[in-house]
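Student: I'd like to ask you about the structure that follows.
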Amino acid sequence: MASKEKKEKNLGRYSTFSVVLRRIRKNKGGVIGLFIVLFYIIVSIFGPMLSPYDPNESNFDESLIPPSKQHWFGTDLHGRDVLSRVIVGARTSFTISISAVAIAVFIGILLGSISGYVGGWIDELIMRFLDIFMAFPEILLAIAIVAILGPGKINIVIAIAVFSFPSFARITRATVMSVKNNEYVEAAKAIGESSWSILTRYILPNALSPVIVQATLRMGTAILTISSLGFLGLGVKAPEAEWGTDLALARSYLEFAPWLSIFPGIAIVFVVLGFNFFGDALNDALNPRLKDR
Amino acid sequence: MKSFIIKRLLLLIPIFFGVSIICFLLLYMIPGDPAKIIAGEGATKEDIESIRITFGLDKPIYVQYFSFIKGIFTGELRSIRSGEAIMKEIGPRYVGTIQLALASIIVSSTLGILLGVLAAVYKNSWIDNLAMAFALLGASTPVFWLGLILILIFAVYLKVLPSGGREGFKSIILPALTLGLPSSAIVARLTRASMLDTLSQDYVRTAYAYGIPKRKVIFTYALKNALIPVVTVIGLQFGFLLSGAVLTESVFGWPGVGRYIVDAVFSRDYVVIEVGILITAMTFVLVNTAVDLLYAVLDPRLRKG
């Protein structure tokens, strides 16, 4: 007991953030993941400044040039620089995926808290509602939504948010249910705290770590979905640079210009791998079962 | 056990209605008049009115919903564009998608279990690291891009396999690999975790203590128990495969339900979209239910739940 108290005290000197960061630093995959994610965010923000050429500028004299010193990733049919399109494409996928995941987290936490805290028939109703959404294979639901609303960034955000929110709702509900009968919650009730304050101050902070882990992993799924929709021709409108849309165009030139298919694909794998590595490491770092070890 | 099965099967009914209502409502979620949307641009007023009557769009919405459900079971629903019965069109394509999904499951389970067992037995060695690196890479690769790269290697450069179509055994190899490899990554990770868990149990130690050869302990004693959760994941992968099939079918020109739906999206054939998605989603639900039941058979502790 004494040693445990000492340990807690030691941990108390650091904020949760720095404790988590220290744990991630010990995890090789986590460090790699963190760097990839940061790199991706930086490229998304500063992309247009970093790209060597205008990603949308056609130049038919330089059509389908293989990778060279001038064009590291080669050029496409319109003579556009592939490296510039890959760099600028990062912003497209980042803005869509972060917005979609943020909306999904918000709706998920809202529904999950109501479901878990109120319980009873409302819980049953919300859970069955989620079951129906989970009955659709993810990309199919996204295709259906884009088919109705039409392609375009905002509609892709909606499509991804719709199939992502059930997982957040379930995680939140599970956490709320597991802590709502704890003594400290009972105590808060006894001193007359409102339901809202009990939920937001005492219960929901417990859901924070599993939601963060899930959100990180969901970013990867979202990026894959954006590119998949793009590949099917249901993504952002041309000529805006987007990895999946560019890959769809590249497919017709697979034989003569394989570089068109290789580089945007590597960009997707690289970024999604980063989020998966980082998400896994976060999971290990935030997992309370490992905290005492 | 009996009550568990009945409960699980009864749950299918509300899910079917929920899913079918969502599919049915797709057409109504499009902003604007459905008859106008079906008629397309440049349609005259008479065209729109005749479509309203042919498709029963003038009737109350619940009547339309029941004739939609009836149309699915009687096979009377017709495609807006081709005028053919949708069930007739979807039949062979459904077989195509299921064939592709099964072939991919064979790829993902053999490769996934093999890698997972190797990684667990040689824990923390280079084999383990390599297998797990492959697993993370597989989970991060877009299915359609893997398809392009496999075409590039095996069809364009090596010229040993066809790049598309559906003629003979050779034509299914690349689509099955494309769809199966990412899913094998997930199977491998889970097999490893489950196998490590099993290998640390007392009965395995006892088996070693009896002097039973390592290979026999691993494959006969440990693997059997370790595979129980893996079976569930392989079943759940079916949903992933149905999702991925949409993309794989598009890359390889494989005639399946996924491509049928995507084509319908472009020709704005909403009835085909509705039916195609409903059938795929219900297949997914049925497989998940079957997996749940199978799991209960394999692991008696779960039957009460």
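The values are calculated or read from the model by the stated rules, or taken from the named source; none is laboratory data. Being a predicted model, the structure only gives us computed values, none of them experimental. Cβ atoms come from the backbone with ideal geometry, glycine included; neighbour counts cover every protein chain shown.
Student: Could you tell me whether any residue of region B:122-130 is out of contact with any Phe, Trp or Tyr (no Cβ under 7 Å at 6 or more places or on another chain), crowded, with 20+ Cβ neighbours inside 10 Å and modelled with pLDDT of 85 or more? Steps first, please.
Tutor: Narrowing region B:122-130 to residues out of contact with any Phe, Trp or Tyr (no Cβ under 7 Å at 6 or more places or on another chain): B:122-127, B:129-130.
Keeping just the survivors that are crowded, with 20+ Cβ neighbours inside 10 Å gives none.
The answer is no; no qualifying residue exists.
Student: Looking only at region B:236-285, count every residue that is surrounded by fewer than 21 Cβ atoms within 10 Å (Cβ to Cβ), more than 10 Å from every other protein chain (Cβ to nearest Cβ) and over 17 Å from residue B:78 (Cβ atoms) and tell me the total.
Tutor: Result for region B:236-285: 3.
Student: Can you pull out the residues in region B:74-101 that are in contact (Cβ under 8 Å) with a residue 12 or more places away in the chain, within 17 Å of residue B:24 (Cα to Cα) and surrounded by fewer than 16 Cβ atoms within 10 Å (Cβ to Cβ)?
Tutor: Matches in region B:74-101: B:75 only.
Student: Right, next: Consider residue A:270 carefully, then state whether it is at pLDDT 85 or above, within 24 Å of residue A:164 (Cα to Cα) and surrounded by fewer than 18 Cβ atoms within 10 Å (Cβ to Cβ). Walk me through it before giving the result.
Tutor: Details: at pLDDT 85 or above: yes; within 24 Å of residue A:164 (Cα to Cα): yes; surrounded by fewer than 18 Cβ atoms within 10 Å (Cβ to Cβ): yes.
Here the answer is yes, as residue A:270 does meet what is asked.
Student: Do we find that residue B:63 is of a type outside the set (D, E, K, R), more than 24 Å from residue B:49 (Cβ to Cβ) and in a helix (DSSP H, G or I) in this structure?
Tutor: Details: of a type outside the set (D, E, K, R): yes; more than 24 Å from residue B:49 (Cβ to Cβ): no; in a helix (DSSP H, G or I): yes.
No; evaluated as a whole, the condition is false for this residue.
Student: Same structure, new question: Given the conditions (1) more than 13 Å from every other protein chain (Cβ to nearest Cβ); (2) surrounded by 19 or more Cβ atoms within 10 Å (Cβ to Cβ), and given that residue A:223 satisfies all but one, which numbered condition is not satisfied?
Tutor: Among (1) more than 13 Å from every other protein chain (Cβ to nearest Cβ); (2) surrounded by 19 or more Cβ atoms within 10 Å (Cβ to Cβ), the lone unmet condition for residue A:223 is (1).
Student: Only one residue in B:297, B:233 is modelled with pLDDT under 85 and either surrounded by 19 or more Cβ atoms within 10 Å (Cβ to Cβ) or not assigned by TED's automatic domain parsing to the domain that holds residue B:147 (or both), so which one is that?
Tutor: Working: B:297 fails: either surrounded by 19 or more Cβ atoms within 10 Å (Cβ to Cβ) or not assigned by TED's automatic domain parsing to the domain that holds residue B:147 (or both).
Every option except B:233 fails the conditions.
Here's the yes/no breakdown for (1) crowded, with 18+ Cβ neighbours inside 10 Å; (2) over 31 Å from the mean Cα position of the chain (by Cα); (3) closer than 21 Å to residue A:163 by Cβ:
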residue	(1), (2), (3)
B:8	no, no, no
B:14	no, no, yes
B:20	yes, no, yes
B:31	no, no, no
B:38	yes, no, no
B:42	no, yes, no
B:45	no, yes, no
B:49	no, yes, no
B:59	no, yes, no
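Student: Here is a further query. Look at region B:102-121 and say how many of its residues are among the aliphatic types (A, V, I, L, M), under 16 Å from residue B:173 (Cβ atoms) and buried (at least 18 other Cβ atoms within 10 Å of the Cβ). Outline the logic, then answer.
Tutor: Filtering region B:102-121 down to residues among the aliphatic types (A, V, I, L, M) leaves B:102-103, B:105-107, B:111, B:113-115, B:117-121.
Cutting the leftovers down to under 16 Å from residue B:173 (Cβ atoms) gives us B:102-103, B:105-107, B:111.
Right, trim to buried (at least 18 other Cβ atoms within 10 Å of the Cβ) and you get B:103, B:105, B:107, B:111.
Number of matching residues: 4.
Student: Shifting gears a bit: So which of A:229, A:249, A:273 is more than 11 Å from chain B (Cβ to nearest Cβ), assigned to a helix (DSSP H, G or I) and either within 19 Å of the chain's Cα centre (by Cα) or more than 21 Å from residue B:135 (Cβ to Cβ) (or both)? Talk me through it step by step, then tell me what you get.
Tutor: Details: A:229 fails: more than 11 Å from chain B (Cβ to nearest Cβ); A:273 fails: more than 11 Å from chain B (Cβ to nearest Cβ).
Only one candidate passes the filter, namely A:249.
Student: Within region B:152-171, is there a residue that is among the β-branched types (Val, Ile, Thr) and surrounded by 19 or more Cβ atoms within 10 Å (Cβ to Cβ)?
Tutor: Here is the first cut: in region B:152-171, the ones among the β-branched types (Val, Ile, Thr) are B:153, B:156, B:160.
Next, from what is left, pick out any that are surrounded by 19 or more Cβ atoms within 10 Å (Cβ to Cβ): none.
Checking region B:152-171: not a single residue is among the β-branched types (Val, Ile, Thr) and surrounded by 19 or more Cβ atoms within 10 Å (Cβ to Cβ).
Student: Just the residues that are at positive phi and either within 14 Å of chain A (Cβ to nearest Cβ) or in contact with a strand residue (DSSP E or B) (Cβ under 9 Å, 6 or more places away or on another chain) (or both), please, taken from region B:20-56.
Tutor: Pass one, region B:20-56, residues at positive phi: B:32, B:40, B:42, B:56.
B:32 - this is the single residue of region B:20-56 that is at positive phi and either within 14 Å of chain A (Cβ to nearest Cβ) or in contact with a strand residue (DSSP E or B) (Cβ under 9 Å, 6 or more places away or on another chain) (or both).
Student: Look at residue A:145 and say whether it is within 18 Å of residue A:218 (Cα to Cα) and either within 14 Å of chain B (Cβ to nearest Cβ) or in contact (Cβ under 8 Å) with a residue 12 or more places away in the chain (or both). Spell out how you get there, then give the answer.
Tutor: Numbers: within 18 Å of residue A:218 (Cα to Cα): no; either within 14 Å of chain B (Cβ to nearest Cβ) or in contact (Cβ under 8 Å) with a residue 12 or more places away in the chain (or both): yes.
It is false that residue A:145 is within 18 Å of residue A:218 (Cα to Cα) and either within 14 Å of chain B (Cβ to nearest Cβ) or in contact (Cβ under 8 Å) with a residue 12 or more places away in the chain (or both).
Student: Here are the criteria: (1) under 30 Å from residue A:155 (Cβ atoms); (2) away from chain A (no Cβ under 14 Å); (3) part of a helix (DSSP H, G or I); (4) free of Cβ contacts under 8 Å to residues at least 12 places away in the same chain. Tell me which single one residue B:17 does not satisfy.
Tutor: Going through (1) under 30 Å from residue A:155 (Cβ atoms); (2) away from chain A (no Cβ under 14 Å); (3) part of a helix (DSSP H, G or I); (4) free of Cβ contacts under 8 Å to residues at least 12 places away in the same chain one by one, residue B:17 breaks only (2).
Residues checked against (1) among the hydroxyl-bearing types (Ser, Thr, Tyr); (2) modelled with pLDDT of 80 or more; (3) more than 29 Å from the chain's Cα centre (by Cα):
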site	(1), (2), (3)
A:36	no, yes, no
A:41	no, yes, no
A:60	no, no, yes
A:73	no, yes, no
A:97	yes, yes, no
A:101	no, yes, no
A:113	yes, yes, no
A:117	yes, yes, no
A:120	no, yes, yes
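Student: Within region A:151-162, does at least one residue satisfy the condition of being part of a helix (DSSP H, G or I), at the interface with chain B (Cβ under 10 Å from one of its Cβ atoms) and either in contact with a Leu (Cβ under 8 Å, 6 or more places away or on another chain) or modelled with pLDDT under 90 (or both)? Steps first, answer last, please.
Tutor: First pass over region A:151-162, keeping only residues part of a helix (DSSP H, G or I): A:153-162.
Filter once more, so that each one left must be at the interface with chain B (Cβ under 10 Å from one of its Cβ atoms): none.
The answer is no; no qualifying residue exists.
Student: With (1) acidic (Asp, Glu); (2) out of contact with any helix residue (DSSP H, G or I) (no Cβ under 7 Å at 6 or more places or on another chain); (3) crowded, with 21+ Cβ neighbours inside 10 Å as the list, and residue A:183 as the residue in question, which single condition is left unmet?
Tutor: Looking at each condition in turn, residue A:183 falls short on (3).
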